[in-house]
Structure formats: structure tokens, C-alpha cells
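What follows is a single structure, written as C-alpha cells, with notes after it.
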Amino acid sequence: MQETIEKVTKVVKKKRAKFTESLIYEIAETVEKRDMDDKELDELVKRVKKAYERARVENGEAVGTVAAQSVGEPGTQMTMRTFHYAGVAELNVTLGLPRLIEIVDARKKISTPTMAIYFEEEFRVDEEFVRTIANQIGKSTMNDIVQDFHTNYAKMNVVVELDMPKIEDKRLNFEDIINRVEKAFKKVQIDNNVLSFEPSKPSIRELRLLADKVRDLQISGVKNIGKVVIRKEEDEWVIHTEGSNLGAVLKMEGVDKVRTTTNDIHEVEKVLGIEAARNSIIHEAQRTMDEQGLTVDVRHIMLVADMMSADGSVKSIGRHGISGEKASVLARASFEETGKHLLRASIRGEIDHLTGIIENIIIGQPIPLGTGSVGVLMKQKK
Amino acid sequence: MTGILKKISQINFGLMSPEDIRKMSVTKIVTPDTYDEDGYPIENGLMDPRLGVIDPSLKCRTCGSKGGDCQGHFGSINLARPVIHVGFADTIHKILRSTCNTCGRILLTESEIFDYREKFKNLIKNEESLTKIIKEVYTVARRDKCPHCEEEQEEVKIDKPVSMVEGNYKLTASEVRERLELIPDSDALILGVNAEKSKDGQQVARPEWMVLTVLPVPPVTVRPSITLETGERSEDDLTHKLVDILRINQRLKENMEAGAPQLIVEDLWELLQYHVTTYFDNEASGVPPARHRSGRPLKTLAQRLKGKEGRFRSNLSGKRVNFSARTVISPDPNISINEVGVPKIIATEVTVPVKITEWNLEEMKGYILNGSNLHPGANYVIRPDGRKIRIYDEIKETVAENLEKNFNEYTGEGSYVVERHLKDGDIVLFNRQPSLHRMSMMAHEVRVLPYKTFRLNLCVCPPYNADFDGDEMNMHIFQTEESRAEAKSLMRVQEHILSPRFGGPIIGGIHDHISGAYLLTRESAIFNEDQVFQILRKSNLPIPDKTGEKWTGKQIFSEVLPKDLNMVYTAEICRKCDECLKKECKNDAYVVIEDGKLLTGVMDEKAYGAFSGKILDHIVKEYGTDSAREFLDASTKLAVSGIMKAGFTTSTNDEEIPQEAKERIEVHLDHAEKKVDLLVEAYDNNELEALPGRSLEETLEMRIMQVLGEARDKSGEIAESYFDINENHAVIMALTGARGSMLNLTQITACVGQQSVRGGRIDRGYSERTLPHFQKRELGAKARGFVHSSYKKGLDPIEFFFHAMGGREGLVDTAIRTAQSGYMQRRLVNALQDLSVKEDGTVTDNRGVIIQTMYGEDGVDPAKSDYGKVVDLDKLVDEMRIKSEK
């Protein structure tokens, strides 16, 4: 393959064409698949070059508006159903229009954060290993591992008998559990797998509260992650989670750092940086569209993502993000919060240079886009 | 057509100083009354004639121009006491909090001031937002002691809306103003008030100008009074408010002069503050809105600008236009896709301006002589001096003469312009709301037709999302040559066959075009020569020589295909068999076109349907937009002729199945319902195994949904097996993709299926049950909204009720969705509209900030791409090989 790519690159260079890497790769793939000889390759590159030139965007094209329309227009055809079972039947994931709005809003708290955790090559088929990791990640409470639980009102204590086989099954470490219990509760007596807790004050109320507290004590799991589901996808084990904590999961041993993802864009930005966040926006938006059976060209979604991440942090589309930070007073005033922007502009003595679309529409001049983006320059006679 | 004479290069915003306001003012307004008993405006009153005139018969006392030309002049009111401007109350509070109460300096050390000044300079240079840094200053500049004069500081609090409270003492507006006056210009800048003096000593703002001492009075043109039919005058809301202000101002002044007690003066002062506040913003929080006598809240300055109906969105971003028309639309399969049928009554109303030249003089004269009532006529002529003359039957001869005379003795002061009627071939803009994408506004050629509706070809329904159940559309007539040229090359319908959203066709055949093409091209369609000629003639195709042989439908369809077209694809009717028999396909779903001859396969949605037409897609991309238009026009006409030859109708008879089938379905559904009962029983007995990560209840619901879903599908399959695609028109429509789906048919014949509310089975209504007809906590199929009957058989009352529940949810859902997605799109457009591709291929916004170094990472326009790719390489290779073989 590598050789073919080099060969194609050479031909492309000879033809003085500027192809993107992905296009060269595609051509190379076709060459191999269709078993083409050098003459045919020459011809192919020539034709692709012609097609590429034909398909180029024209200067001045209002790509922003087209992108916005292309992303927005299918919105009317989307469902409002918040929850859907996307691939994994066991987990709820927000999809459809609400999810798209969530992405575009760049919400800090998304309604259904979820992760897909993949594993490095040597662990991919190792079910035992994956299950162990899954139990480390997934939230388990005391309730999940008790065999017998009762509140003794006479002795004023809560007695818990741990279910050793269950602990075994969940691949938890008994020592760790005991440590956690001792850390969380002061008055506790441990007798092998039987724990008895005493309330700080001997009252029925306290005792009941204590019982609940004991039952809900988290004994394992990564912060912010709830349920986990293990699934076999194409010969490899994958963990899907409810809740997300990319930073912590990526630090775990055996986890594939490349393919493991989350749908929380802000978390991606925090852990992996702005470029990753941009890709995450593209991926999530595209996935939402695809799931609804709507085709939208990636380029439109890319532009939205690039706009959102242009200045190094993920900004929302709307008055708290991009639209609220525009340079032009008139553009901001005509979007939302008209009064606020006009008053603020007046005390700051802002100057509107009228370079945008809305401003020129407001004052009745041709807009600087497409046909309006070019002028005529006359050569002066000497 | 005059070009652009002057261009506005920038707009400066600033505060007005009291001196500015006085300088601008043509008169002081003192009297709160508007008119005297005789109905004349009172001098120094709110309707003072010097403020400008509206009546076109009067002349303005200030500028001398007539009403309509005079844009009005401001007056002013001297306020007896200073008043805080509501819009700035928050800023004033923040500034007071961050400045010293005695020396007026900002509560920052010299070095901090220096740092912030540098930061400000940088931000201003880069045209970046100052909001964040100003916010930071407001939080940092809070000290207990002034670093400049060492004075102790007391906390200033704001008592909404406009009162400033320092400790326990409420500052008066005068005191506030005095404090603001103390702030030096250089400190004001970091506090967000640009008080720097320009070279000529001008200032755009000073902190104390946020406290008003003089109030500008807008000219009458801003607040015109209307005379009702009864002869009564009704004043504008602003005038009412100004009357209030004047009245209180007067009383306050009198009381102060008379030396009234402090308490009374303060009360009046507060009242004045209230009126000025509501004059600016009648929705300010913490202020009861001022109301009209009728109880309606007044629309004051801020309300005029704000929101969807405000000046900005309603009058500035969107403007009303002339030369437009709107009427109901109806279909016309006989006009081309880039045409629009315009009713004669509209064509004689809206006009196109045409400049007289030696080549069109005679033609234009003819139009003028036809007058304004006869169709290709003219309504107005515009003389070289700019006068517009309406053409009446009495004067049309003289007008025509003058026109010719002017042309012959052309003196150089310009030529006549004739506003002629719309005629065939004119290019117009056609639009249907909501204009969600650029295909919602396309340029069409005019066809003047009788009757009163706009006519459009059915193929353009999908981009406009139009149907004919009473939809109305708008038409706009271009008024300049430039706009016509631009529209002709960029906006014509054929330029938009491919959608920029996904690079495939969005315009194409629908409904009968598709069933028609199927009927025409299916294997059993064989026509004798007479029939063929009839069909071809109807579609305006050339008639071949007589041979006496029979034609297949495929041969007829081949007539509209380009002669060198080669294509292979599977049709919509493909049943996705396990093993594809290719050319031997039983369903004739394998389409092979060689050299423009349709060899096998039928034409259906995949051929030239909107959204998925493969042949259409290929033709646009390889043969150009004009050929695509011709292909679409010809092929749809052919399809319509085809459907007319075969005859096409559908009724509930199409959904009839034999008794035996009904019984089989019944048995099957009963079986499924029993299975549900078993599941419920297992759940009750705690024998159900929960799915991982799911509760027992959720598992049960999922399992039941699955069983019932399968049951409906299976019953549909049974029904389907009794349908015959050759005979049953409903099935033809569903399978070819013309209209409806197999699911619709099975719901009519076999079983409607599970109704859902909020994504699950119906579980709401009475306590622990959906209807009183069931036991509490009953979980069976019927009790939770499974509709066992078919639409044709009819639903029983319980089923009907559940069905209505599901239906209602669907309606509510649609209503909410439109609002939500509309707002999302508005935000998207607003955020992205300034982006454009520059000469070097980068995408930048209007500030020049680069958003993408190359558009879409490869610089390819999706509208020109092949479903998002530069080219389909496989297709290219196929083509190359076919070529080299020859």
C-alpha cells in the first residue's frame, strides 16, 4: 500500500495537481483494488484533477450561510424523542433535535454523557480482563454485594453480611472494600464478612439514616460514572458507560487511548485539547444526523465546529458565545438583547465598521459576499 | 439605475452631553399640552411646528422642506432635577463601587491602572471584546481604602431599578452625578466609559452623562398622532409619556421655587424619575409598567427596538418591498421546471423598468399604446427629469409621442424609462416560507397564464416543500439588469437541482411521475406504434419513422436518455434478495443502461425521484444543468403520458385480502398476545431474567414491545404475501417509492400495532391503569395500547382512544419541534453568516479572522461534489475502461 501511495504521489506531482492526502490515499486504494497499470493511473489522475478543479468552491461563496442552512434545515424533520437506544439497548442516549441543540449550545452539562471504552490489542479478546476493568469503572454500592442486611433496633446497629461470591464475581478486592468502609464510617466492627455499624447518636432516626448511608456507600468505580455495560462488538470487548470521566479512564491500564471516546465535548476539550474537541463536535453532530437518516455533508458540520472552536475554547452558538462576541454593534443588537448592546456601545464609544452582512443590510448597502465581495478597479490614465 | 453614490464607512456610537442635546434642539419644550382649542399646535408644546411636519401640504418651520421630505428636528426638556437613565443604572452602580467617594479616582493602584491600560490598548487594536476585562476591573477595583487619597470607602449598593444606596444613605441623582463628574478621563476608560478626548477635543462619553439633566424630545415624525374616523386625535405612546414628564417636571420646578418642604420635592423627584425611566424602558425590572387609559402597557423607546416586532428585526434586517405578488399555488405539469405560471391579473400589475434604446423603442411604444389594462402593456413611464407618469387610456398616445420625440432629439439628460407589464420569459424570484435553505428562493421564467393562481411544475415542490392544499407563494420582480444577470446565472431552478446539503438532487420526480415511469417501463408494458406516437407526441419528443413494430416501454423511456449514457444500479423496488441475480432479476430491479438504451430494470424513485434520483444525478453532473432540466421536463411528461395510458387509481379495495389471510393474521396476533401474557406472568412470578443494566420492569417493557413489534411486522408480511405488485396500485406506489409505505398498507389491512406515548407503551390515565375497563396494574397487550384491529376493519372504542393519545402526542411534538429547530437555525445563521471563502481558499469572518485554512479541508464545494466526494473513483475507472475498450 505504502508503495502505491508513493507512486500516486509522484504521478500527482508530475501532473502538477495539488491533492489532499485523503484523496491520494483513495486513489491508491482504487489502484490496488482495480489493479490498474501506470498508463491508467496517469489517465485517472488527469481526470481526477479535472473533476477536482470543477468541484472547487468559488471565491466569495457564502459558505457560512450555506452550512448553517444545511445543518438547520433538517432540524424540522428530526424527532423530538429525547431517548433512543443507539446501538446499545441497555443505555439511554439523547438523540435527535435535542441532542443537536445540545451540541450547538456547547452545554457544560449534557443530559446523557456516555463513554465507549476500547482496549489495547492484547486485552481486546480477554473477557476476564475487561470484566475486571468494567467493575473498577462502574459504580458499585454496598447494596450490590450484601447477602444479608438488617437494622437491629434493639441493639441499635446495622448488621451487614457481605456476599463473598458476589464480590468475587464482581472482581472486587475485599481489602479495598474494608478500607473504604473504615474510611467512611467511624463506628464499625468488622468480623470477617460481617460488618456492624453503630449510629453516632442512639436514636431511631439516626439509625435509619445510617442504614441508607451504608447501603449507598460506593465501594468501587470512577467518579461521575454510573452503570457500565460490556458488549462484544466485532470480536472485541467494549465497555459502554453511563456518565463520563475521560481523564480517569484514559489513565487506566490496558485502555486504548486512541479509540476510547466520550460524547461530552467539554470533557474532551479539557482532557485532550481543542482540536480533539473540534473533532468531537463533528463526530457527535454527524452521528446525530446519521441516526435520523439525514445526510449532511461533513464540510458544513466542520465549519460549524471550526467556528465554535476558532479561538481556542469551545464557544456556543448564540448570544452567550459567538453571536454575543461579534465586533459589530448592529450585528449584536439585531440578534438578541438589543438594548443592552446599544447602551453598552454608547458608553464605550464603539465604532461599527460595517463589514458584516447584517450591518450592510440594515443601512441598505450591498453585502460583502458573493457578487458583492468584488469591486471594479479602474486603471488610471496617465 | 443609479449606482452607489456614497458608502457609509462606519457608525460611531456615543453618549450625548447636555450641551450636545441643547445644541441639537430647535426649541425648548415647556408646555405639557399639545394642541389648543382650535386644533393648532401650541408653541413650546410637544407638537411645536418647529419639530418638523408630517402633512405634505405644510412647510417645516425649521428646514423649509415639505412634509415627507423633512425628517424632523429634536427639541429638549430641561429637567428640574437630574435623573438617572435606567439603561445605565447598572453601569453607574458598578462605577460608583469601583471609584473613591471623595477623590473620584478608580480604586486601583497606579501600577494596576497602567497594566489595564496596556491591555485595553491591545484589545482595542485587535477589535476584540472588552466585556471580560471590564468585568475583571469591576471585581478587582473594590477596596476599603482609596489608594490615592487614603479615604475610607463605604459599600455602594443598588436598589433596583435606579436608586444608589451608600451604607444606609440613599444618594440622590444629583449626588451621583457629582461623584461621576469627579472621575478623571483616564480612569473612566478602564471603567468602560470611553472618555478619552480626541484630537479636536471631542469626547464620545463621560460618566456623568449617564445622569440626565436635559431630555431630548424626538421630532413629531417619530411619534405621529393619528386622526380617527370620528375626528378625534389619538396621540402616540411616546407623546403620552412626554406629557407626563413635562407635567411632573413643571410641578417639581414650581414646588422648588416656592420652597416646598423637602419631602414633597423628593416625592416629585421620584415621580419624575419614574416617568423618565418608563419613557426609556417600560419593561425595566422593578418598575410597574406605565399604562394607557385602556390598561394596555405603553410601547416606549426600548420596546420599539426590541424583539421580533422591534425596529431591528422587523424593519432593518427585513424590509417591505414593492414589485412583489402573492397568491395561491397550483400544479401545472406542462410547464418547465424553471418556469412559473403568473396570472394575467398579476402580470398587468407588477412591472419591469425598461430603458428606451433604439432597439426597443417600437416595442415599448406598442406597450404604451396598449395601456395599463391590456396585457402586454405598461403602467408608468419615468421621464428623464424623474417624474413618474401613470399611463391612462386618455393620455397614452401623447405619452408615446413624447417618448419618441425625446428619443429622437436626445439631449443627453437621460432617457425615458418604461415600466412595462410582466411578459413571458422575464426572470422573477419565487419564494415559499419558511425559507429554510437557499432553494426556498429560486429564479423562474415567467409564463403569463389565465386564472388567478401561480402555477409551478411538480418537480420543484420538494425544495420549496410546497403542496397545493392552499399554500401561497411570493414572487418578486427584479428591477435592475445587474440583479437579473445575477439571478440568471446563480439562482435559476436548474442551478439548484443538486442540494448543497448532501451533493445529490433535491429536485426531481414525485408521486405520479414515479408510478408513471414504473408503469411505462415494467416488463409487461408493450405498446403498438400508434400508442407510442401518442405518448411521444404528448411529451414533445421527436416522432421516429414508422416501422410497424411493437415497442416496449423501456424503448420509449430510452428516448429521453442521453445517447451516450452508461449506468448500472439497483432500483428502489429491489427486494434485497440474498443472492442478486443481476440482469435476470425477477422483479426487474437491476437497471442497466447502455449507450442511452434502457436494457433491463424499471424506472422508479431511484431513477429520477427527488432526493435519490441516480440517473438525474448523473446527468446533472456529467451533462450540465440545462440538459438535466430538459431530461426532467421530458421524462416527467413521459411518465405522465405513461400513467394516462395505463390508468391508475387506488381505493380501499387495494387493501382487501382473502378471508384465509385474515384468519392467519388473527391467529398470529392472538399468539403474540398470549406470549405477552406469558411474559407478564413470568414477571409476576419473579421468573423473568433482567437484562444487564436494566431493571425488571424495563426488561419486561422491552421484551413486550419487541414481541408486539414483531407481531405487527409478521402480520404485515402475511398480508403482503397476498398483494400482487402487477395488479395492486397501492403496492406499486409503496414499492416504487411514489407515495406511502408498506407499513401504511399493513396498518390498513392487518394490524395498526402498538400506540406509544413518550417512547413507551401507554401507562397513564387512571391510578395504576390506563382506563377503567382494565384491572389495576394490568400489563397485557390491550391494556397498554396495542391496537389489534386494522384501520379497514375499524378500531374498537378502547383502541380508538389509545390511538388518539398517540396521535395527539405526535401533533404536540411537531409544534414544539418547529419552534425549537427554527430558533436553532436562526442562531446558526446568525453565527455563521459572515463567513466567506477568500481568494486564497481560506475561510474568514468579517474581521479577517481565519476560521479554516482551506474550506472543508479540501476546498470542495458540497453542491458540486458527488455526494460529498470529489469524484466517484470507481465510476471514473469504469468509464475509462469502457472508453478504452471501444
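The values are calculated or read from the model by the stated rules, or taken from the named source; none is laboratory data. Given the structure is predicted, the values throughout are model-derived calculations rather than measurements. Note that each Cβ is placed from the backbone with ideal geometry, even for glycine, and that neighbours are counted across all protein chains shown.
State yes or no: is B:Gln706 over 30 Å from B:Val602 (Cβ atoms), out of contact with any Ser or Thr (no Cβ under 9 Å at 6 or more places or on another chain), free of Cβ contacts under 8 Å to residues at least 40 places away in the same chain and outside any helix (DSSP H, G or I)?
It is false that B:Gln706 is over 30 Å from B:Val602 (Cβ atoms), out of contact with any Ser or Thr (no Cβ under 9 Å at 6 or more places or on another chain), free of Cβ contacts under 8 Å to residues at least 40 places away in the same chain and outside any helix (DSSP H, G or I).
Out of all the residues in the stretch B:424-465, which are part of a helix (DSSP H, G or I) and of a type outside the set (Ser, Thr, Tyr)?
Of everything in the stretch B:424-465, those that are part of a helix (DSSP H, G or I) and of a type outside the set (Ser, Thr, Tyr) turn out to be B:Arg438, B:Met439, B:Leu458, B:Cys459, B:Val460, B:Cys461, B:Pro462, B:Pro463.
Whether any residue in the stretch B:869-877 is within 14 Å of chain A (Cβ to nearest Cβ) and under 19 Å from A:Ile301 (Cβ atoms) is what I want to check.
For the stretch B:869-877, residues within 14 Å of chain A (Cβ to nearest Cβ) and under 19 Å from A:Ile301 (Cβ atoms): present.
Can you say whether A:Thr9 is in contact with a helix residue (DSSP H, G or I) (Cβ under 9 Å, 6 or more places away or on another chain), more than 11 Å from chain B (Cβ to nearest Cβ) and without any contact (Cβ under 8 Å) to a residue 24 or more places away in the chain, as far as the supplied structure shows?
Taking the combined requirement at face value, the residue satisfies it.
Within the set of pairs 6+ apart or on separate chains, which have a first residue in the stretch B:492-508 that is within 14 Å of another protein chain (Cβ to nearest Cβ) and within 22 Å of B:Phe478 (Cβ to Cβ), a second that is of a type in the set (A, V, I, L, M, F, W, C) and assigned to a loop (DSSP other than H, G, I, E, B), and C-beta atoms under 8 Å apart?
These pairs meet every condition: B:His496/B:Ile506; B:His496/B:Ile507.
Select from the stretch A:305-329 the residues that are more than 7 Å from chain B (Cβ to nearest Cβ), at pLDDT 90 or above and part of a helix (DSSP H, G or I) and list them in ascending order.
A:Ala305, A:Met308
Listed here are the residues, each with its yes/no results for (1) surrounded by fewer than 23 Cβ atoms within 10 Å (Cβ to Cβ); (2) in the same structural domain as A:Lys108 (by TED's automatic domain parsing); (3) of a type in the set (Lys, Arg).
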{"site": "A:Val304", "(1), (2), (3)": "no, yes, no"}
{"site": "A:Met308", "(1), (2), (3)": "no, yes, no"}
{"site": "A:Ser313", "(1), (2), (3)": "yes, yes, no"}
{"site": "A:Ala333", "(1), (2), (3)": "no, no, no"}
{"site": "A:Gly339", "(1), (2), (3)": "yes, no, no"}
{"site": "A:Gly349", "(1), (2), (3)": "yes, no, no"}
{"site": "A:Gly356", "(1), (2), (3)": "no, no, no"}
{"site": "A:Asn360", "(1), (2), (3)": "yes, no, no"}
{"site": "A:Gly372", "(1), (2), (3)": "yes, no, no"}
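Can you tell me which residue among B:Phe502, B:Phe533 is in the same structural domain as B:Asp588 (by TED's automatic domain parsing), aromatic (Phe, Trp, Tyr) and surrounded by 14 or more Cβ atoms within 10 Å (Cβ to Cβ)?
Answer to the check: B:Phe533.
Does B:Glu486 satisfy the condition of being out of contact with any helix residue (DSSP H, G or I) (no Cβ under 6 Å at 6 or more places or on another chain), within 13 Å of chain A (Cβ to nearest Cβ), of a type in the set (Asp, Glu) and in a helix (DSSP H, G or I)?
no
Just to check your reading of the model, which residue among B:Ser821, B:Ser789, B:Ser865, B:Ser884 is more than 10 Å from chain A (Cβ to nearest Cβ) and either of a type outside the set (A, V, I, L, M) or out of contact with any Gly (no Cβ under 8 Å at 6 or more places or on another chain) (or both)?
Unique residue meeting the criteria: B:Ser789.
Working carefully through the options B:Ser98, B:Ser111, find the one that is over 23 Å from A:Gly339 (Cα atoms) and touching a residue at least 60 places away in the same chain (Cβ under 8 Å).
B:Ser98
Go through the stretch B:83-137 and report how many residues are of a type in the set (Gly, Ala, Ser) and not in a loop (DSSP other than H, G, I, E, B).
Qualifying residue count, the stretch B:83-137: 4.
Out of all the residues in the stretch B:626-676, which are crowded, with 18+ Cβ neighbours inside 10 Å, outside any loop (DSSP other than H, G, I, E, B) and among the β-branched types (Val, Ile, Thr)?
Answer for the stretch B:626-676, where residues must be crowded, with 18+ Cβ neighbours inside 10 Å, outside any loop (DSSP other than H, G, I, E, B) and among the β-branched types (Val, Ile, Thr): B:Thr636, B:Val640, B:Ile643, B:Ile665, B:Val676.
Scan the stretch B:843-866 residue by residue and report those that are surrounded by fewer than 17 Cβ atoms within 10 Å (Cβ to Cβ) and either touching a helix residue (DSSP H, G or I) at 6+ places or on another chain (Cβ under 8 Å) or assigned by TED's automatic domain parsing to the domain that holds B:Ile124 (or both).
Scanning the stretch B:843-866 gives a single hit, B:Glu857.
Filter the strands (runs of 3 or more DSSP E) completely within the stretch A:106-180 down to those with at least 2 residues that are more than 36 Å from the chain's Cα centre (by Cα), of a type in the set (A, V, I, L, M) and not assigned by TED's automatic domain parsing to the domain that holds A:Gly312.
Once the strands (runs of 3 or more DSSP E) in the stretch A:106-180 are filtered for at least 2 residues that are more than 36 Å from the chain's Cα centre (by Cα), of a type in the set (A, V, I, L, M) and not assigned by TED's automatic domain parsing to the domain that holds A:Gly312, what remains is A:157-162.
Please find, within the stretch B:9-32, the residue that is nearest to the other protein chains (Cβ to nearest Cβ) out of those that are without any contact (Cβ under 8 Å) to a residue 40 or more places away in the chain and either surrounded by 14 or more Cβ atoms within 10 Å (Cβ to Cβ) or not in a loop (DSSP other than H, G, I, E, B) (or both).
B:Ile11
Whether any residue in the stretch A:356-363 is outside any loop (DSSP other than H, G, I, E, B), more than 7 Å from every other protein chain (Cβ to nearest Cβ) and at pLDDT 90 or above is what I want to check.
Within the stretch A:356-363, one or more residues are outside any loop (DSSP other than H, G, I, E, B), more than 7 Å from every other protein chain (Cβ to nearest Cβ) and at pLDDT 90 or above.
Inspect the stretch B:830-846 for any residue being β-branched (Val, Ile, Thr), within 13 Å of chain A (Cβ to nearest Cβ) and assigned to a helix (DSSP H, G or I) and give the result as yes or no.
Checked the stretch B:830-846: no residue is β-branched (Val, Ile, Thr), within 13 Å of chain A (Cβ to nearest Cβ) and assigned to a helix (DSSP H, G or I).
Only one of (1) over 39 Å from the mean Cα position of the chain (by Cα); (2) facing chain A (nearest Cβ under 10 Å); (3) not basic (Lys, Arg) fails for B:Pro797. Which number is that?
Evaluating B:Pro797 over (1) over 39 Å from the mean Cα position of the chain (by Cα); (2) facing chain A (nearest Cβ under 10 Å); (3) not basic (Lys, Arg) leaves (2) as the failure.
Which members of the stretch B:147-186 meet the condition of being of a type in the set (Gly, Ala, Ser), surrounded by 15 or more Cβ atoms within 10 Å (Cβ to Cβ) and modelled with pLDDT under 85?
B:Ser163
Given the options A:Arg299, A:Arg287, name the one that is of a type in the set (Lys, Arg), under 30 Å from A:Thr114 (Cβ atoms), under 35 Å from the mean Cα position of the chain (by Cα) and buried (at least 22 other Cβ atoms within 10 Å of the Cβ).
A:Arg299
For B:Leu108, all conditions in the list (1) in contact with a helix residue (DSSP H, G or I) (Cβ under 8 Å, 6 or more places away or on another chain); (2) closer than 17 Å to A:Ala345 by Cα hold save one; what is the number of the exception?
(2)
Would you confirm whether or not the stretch B:556-576 contains a residue that is surrounded by 13 or more Cβ atoms within 10 Å (Cβ to Cβ) and among the basic types (Lys, Arg)?
So far as the stretch B:556-576 goes, no, none of its residues is surrounded by 13 or more Cβ atoms within 10 Å (Cβ to Cβ) and among the basic types (Lys, Arg).
Quick check: is even one residue across the stretch B:677-698 within 14 Å of chain A (Cβ to nearest Cβ), more than 16 Å from B:Phe723 (Cα to Cα), crowded, with 18+ Cβ neighbours inside 10 Å and modelled with pLDDT under 90?
Yes: the stretch B:677-698 contains one or more residues that are within 14 Å of chain A (Cβ to nearest Cβ), more than 16 Å from B:Phe723 (Cα to Cα), crowded, with 18+ Cβ neighbours inside 10 Å and modelled with pLDDT under 90.
Of all residues in the stretch B:291-311, which are touching a Phe, Trp or Tyr at 6+ places or on another chain (Cβ under 7 Å) and over 13 Å from B:His275 (Cα atoms)?
B:Ala302, B:Leu305
Answer yes or no as to whether A:Ala211 is assigned by TED's automatic domain parsing to the domain that holds A:Asp144 and modelled with pLDDT of 80 or more.
When the stated conditions are applied, A:Ala211 passes them.
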